[in-house]
Amino acid sequence: MNTQITLRELDPSPAIGDHVRRRAEKLTTFDEAIVGCRVVVEAAHRHHHQGKRYHVRVDLTVPGGEIVVARDPAENIQHEDVHACIEDAFDDVERRLEDWVRRRRGDVKTHERATHGRVTRIFPQQGYGFLESETGEDVYFHRNAVLDDGFDRLMIDDRVRYAAEIGEKGPQATFVELTRHAHARGGAHDSR
């Protein structure tokens, strides 16, 4: 796998480079078909009450798509440690890569049951959104969970079919499939 590492606002560091390369190499244990990995480690500006914060972005190129994770310094106090920030970003990449491999193989966990919901919020720049389940529960989804690269086509109130599992912060969709666009609803009956 080709791994490219870019350091911004940081002095060249063999320790950071070695850490990133070790974590990137570990990703091939999930799937050897990974095409490439681009990692940007950036020192963000200093905060008044805290030390230097770090931002890590990992772009993993896989056959037919990309898995992108960006760890923002505002999300976690641990991001004052560049190595902890790298660990967090690669932990997220591993989870998303496992989901991608499972979807590609057609594997579905036994506790996953496809159900219907509707899109309630979309954050296009950040690459995620939320669904409302049939029971009114919020379900997080990432752009990589949307089938057929359909994230950019999703709109508020679109009807979807999805499967979810419990993530670190609550229900999280493992796949999302568009069943009907909001603007096409008109007087049509629900296709469930």
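General observations
- Under the condition of being outside any helix (DSSP H, G or I), more than 12 Å from A163 (Cα to Cα) and touching an Asp or Glu at 6+ places or on another chain (Cβ under 9 Å), the residues counted in the range 130-151 number 5.
- Matching entry among T179, T120, T174, T110 (being under 30 Å from C37 (Cβ atoms) and either modelled with pLDDT under 90 or in contact with a strand residue (DSSP E or B) (Cβ under 6 Å, 6 or more places away or on another chain) (or both)): T174
- Subset of the range 124-166 that is at pLDDT 90 or above, of a type in the set (A, V, I, L, M, F, W, C) and more than 23 Å from V62 (Cα to Cα) - its residue that is surrounded by the most Cβ atoms within 10 Å (Cβ to Cβ): L131
- Screening the range 1-105 for strands (runs of 3 or more DSSP E) wholly inside it with 2 or more residues that are at pLDDT 90 or above, in contact with a strand residue (DSSP E or B) (Cβ under 9 Å, 6 or more places away or on another chain) and not aliphatic (A, V, I, L, M) returns the ranges 2-8, 36-43, 54-62.
The values are calculated or read from the model by the stated rules, or taken from the named source; none is laboratory data. This one's a predicted model, so the numbers in the text were calculated from it and none came from an experiment. Here the Cβ is made from the backbone with ideal geometry for all residues, glycine too, and neighbour counts use every protein chain on show.
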